[in-house]
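Before any comments, here is the structure.
The values are calculated or read from the model by the stated rules, or taken from the named source; none is laboratory data. Source: prediction; values computed, not measured. Ideal geometry is used to build each Cβ from the backbone, glycine not excepted, and the neighbour counts take in all protein chains shown. For accessibility, only protein heavy atoms count, side chains too; no ligands or nucleic acids. Shrake-Rupley method; radii C 1.70, N 1.55, O 1.52, S 1.80 Å.
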Amino acid sequence: MLAPVAWAAGLLIFVGVVACRWKFQQSKPTVNLEVWLQQQRAIIDFSFAGHSSSTKEGKLLYRAQANHRLVSAFGIDNSLTTYSTDVHEKFVKLSSKLINNSSRRWPELYLVAEGFLERNVENAAAERGQIRLADCVRCLCLIVVLVDAYNINLEGISPDVFLTITREINRQWLESKCDTDAPKSDLLASSLRGLHLKKKLGAGVDISEDTPEEALGFIMPQYETLWRVVLLTFVTAYHRQARTEDVRRGESVPGCLGNPVKEKEALKLAKEGLRLFPSNKRIYRAACGDEKQLISADVEASHRNSRVWGPNALKFRPERFDNLSKLQGKAYFPFSLSPNRCPAIAGFGNRMVTMLVVALGTTLSPKTGKILFNDELLDGNPEEPLPTGRDDMESWALLLRDASGS
Ligand code: HEM
């Protein structure tokens, strides 16, 4: 147990370092775990910046500057990129209204996901017998988000449109990491325009079509936070570390979703997936209000630390959420922390991840195919931890059983 004096001293040193312009090299939780954890939380909740982040505007500045590259690359103007409290509030309100909508029919969304995946299996069977997993999961997440938020009618839209959009988003994202002023993609804009996206705001609300920038501002916080955690959790729970009890947890999906008692077991799949594979591996802030000097909270390190999560920290064990310790509760923040927590924390995030993971696990189960990583280490050693970087999964494929001859 840490003495309060040592804790306070650690935090004072930490704030002092920030105040004198950090060239912040993220420390690792080697010395004092609780101080380190407090530092990560202070970055996320903006308190690291002291008085200058005490107002709403102050907080937005530290975050908007850190996300500047998304404005250049995608033209996004939302809560995560704005300096304006007005834009921030309106966007959070709109997001909450759309995602925390109690009339959502999860079984219908599940059918959309299942239908898309079954078509992938049929097409793969007719061709090379392989499904490219990164492309497949990216398109799956995009389609479900678009059906949910915009009610798009999939009939008559070529699957190539979704492939183009997801590949362009990925390419732009990677490019914006090297060039923070990367220009926007015309191909992405025209593909989105072709979908004629109108938000689903209920009967009687007159709305115009979203511009590509408006659509991206709304799609990105959902689609981008979903696809990697969904892919990695599916591969882990249904193939790499498959256990009967975890497959069983998903059997009540989609019917259980939205019912707090019935969905409890299934949602642990998402909770554990978001622990091992947090959508935001790091949460960035601009140090000293300078977009060129970023500091970040290491969410992934906190979620995987063996002193917090025990010797099986890297194992997929949803049952650990039956009873989290106080320290574990403090070290787990996949949806960020108050006062700017993600609105999807209210249930939508965990439900969506669970639904997509279960749809994948059921349709692309080990009975349907075997995962080929096309990587010596991963294919050779089932214990090798999965890499989690944006471009680490491009070679992963599901080889259909019939095609592999096994
Ligand atoms: C599994 C799903 C999701 C995860 C893990 C997630 C995670 C996060 C995280 C970590 C942040 C804080 C980022 C920062 O402070 O730099 C955030 C903020 C936000 N997210 Fe999400 N998100 C998810 C889904 C969604 C969805 C579906 C929406 C709907 C549009 C959404 C809208 C937002 C908004 C508006 C904020 C800003 C909140 C504020 O500033 O008060 N997120 N999300």
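In sequence order, what are the phi-derived ³J(HN,Hα) couplings for the range 145-151 according to the Karplus relation 6.51 cos²θ - 1.76 cosθ + 1.60 with θ = phi - 60°, rounded to whole Hz, with x for glycine and proline? After applying 6.51 cos²θ - 1.76 cosθ + 1.60, I find 4, 5, 5, 5, 8, 10, 6 Hz. Counting protein heavy atoms only, the range 36-363 has 51 percent of its accessible area on carbon and sulfur, 1.4 angstrom probe. Would you tally the net charge around Leu197, using a Cβ to Cβ cut-off of less than 11 Å, leaving Leu197 out, and scoring K and R as +1, D and E as -1? Neighbour charge sum, excluding Leu197 itself: +1. Amide H of Leu294 versus every other amide H placed in the peptide plane: which residues, excluding those fewer than 5 positions away on the same chain, fall under 5 Å? Close amide H contacts, sequence-distant or interchain: Ala287. Converting phi to 3J(HN,Hα) with the Karplus coefficients 6.51, -1.76 and 1.60 and the offset θ = phi - 60°, the range 311-323 yields x, 9, 3, 8, 8, 7, 9, x, 5, 5, 7, 5, 7 Hz in sequence order, with x at every glycine or proline. Peptides 300-312, 34-46 ranked from most to least packed give 34-46, 300-312, packing being the mean of other C-beta atoms within 10 angstrom over each peptide's residues. Here's the list of aspartates and glutamates a cross-link from Lys271 could span, going by alpha-carbon distance under 17 Å and ignoring same-chain residues fewer than 8 apart: Glu245, Asp246, Glu251, Glu263, Glu300, Glu319, Asp322.
For the chain, averaging the sequence separation of C-alpha pairs within contact (under 8 Å, six or more residues apart) and dividing by the residue count gives a relative contact order of 24 percent. Rolling a 1.4 Å probe across the protein heavy atoms gives the chain an accessible surface of 46 Å² per residue. 3J(HN,Hα) along the range 124-140, derived from phi through the Karplus expression 6.51 cos²θ - 1.76 cosθ + 1.60 where θ = phi - 60°, amounts to 5, 4, 7, 10, 8, x, 10, 10, 6, 5, 5, 4, 4, 6, 4, 5, 4 Hz, with x in place of Gly and Pro. Ranked by the mean number of other Cβ atoms within 10 Å of their residues, highest first, the peptides 272-282, 79-89, 99-109 come out as 272-282, 79-89, 99-109.
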